[in-house]
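So the structure is just underneath, and the comments pick up after that.
The values are calculated or read from the model by the stated rules, or taken from the named source; none is laboratory data. In this text, all values refer to a predicted model and were calculated from it rather than measured experimentally. Ideal geometry is used to build each Cβ from the backbone, glycine not excepted, and the neighbour counts take in all protein chains shown.
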Amino acid sequence: SGVPEEIIRQEFWCDFTTTNEGAFFGQDMMKADNQGRIREVVYDPRQLVHTAWDIGVNDATAIWFVQTDGRTIYAIDYYENSSQGLPHYIAILREKGYVYGTHLGPHDIAQREFGTGGSVQDTAARLGIDFTIVPRTAKTDQLSAAHVLIPRTIFCKIRCEKGIEGLKAYEREWDSKNRAFRNTPKHNWASHVADAYMT
């Protein structure tokens, strides 16, 4: 009778693994788990690894590592850290030993910094990483794209554990005055995970 599925699972089925009621991708990630798409995924050295980034200055920088056969996306790895410069993340990429294809970066990496006159994209290029910039789009379009991609994704439950938890926890802001969820995302640790995935 109109009770959200997440509340039914928590209250009536005593399922404490379900996602939060206001989670954007809660149902998608629950289906991924139920369909066996959260499991061990092995790196295929015959396929290129593509990365998708959310670069934080004061916040965390998040990186998804994926492979694809053209239909299915294999999320083989996830990494995040904070208070580190770009050389740290590029060193991590090299340490992993993958053979890389495209590095997708958010639109703001092309912005020039006032102090240096350079951009994150310029710095990365000097360090050997050429970013493909993803154009800025409305958050609703980003969310729609993720709703299409998550059902096509198989997630490595070990190396992507924090990424999986972040996608499950990415939620709407709560409007206490109107006692309802807004359509705007809550900015917390999970937003970096989700923003990188949406990139």
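A few points about this structure:
- Residues in region 145-162 include none that are under 14 Å from Thr199 (Cα atoms) and either among the basic types (Lys, Arg) or in contact with a Cys (Cβ under 8 Å, 6 or more places away or on another chain) (or both).
- When residues of region 63-117 are limited to those that are of a type in the set (Phe, Trp, Tyr) and in a strand (DSSP E or B), the one farthest from Asp44 (Cα to Cα): Tyr79
- Of all residues in region 79-114, those satisfying the criterion of being of a type in the set (Asp, Glu) and under 18 Å from the mean Cα position of the chain (by Cα) are Glu80, Asp108.
- Residues being under 17 Å from Val193 (Cβ atoms) and in contact with a Phe, Trp or Tyr (Cβ under 9 Å, 6 or more places away or on another chain) - total across region 54-71: 10
- Pro106 meets each of the listed conditions (1) closer than 18 Å to Phe24 by Cα; (2) modelled with pLDDT of 90 or more apart from (1).
- Scanning region 139-168 for residues that are of a type in the set (Asp, Glu) and more than 22 Å from Ala60 (Cα to Cα) yields a single hit, Asp141.
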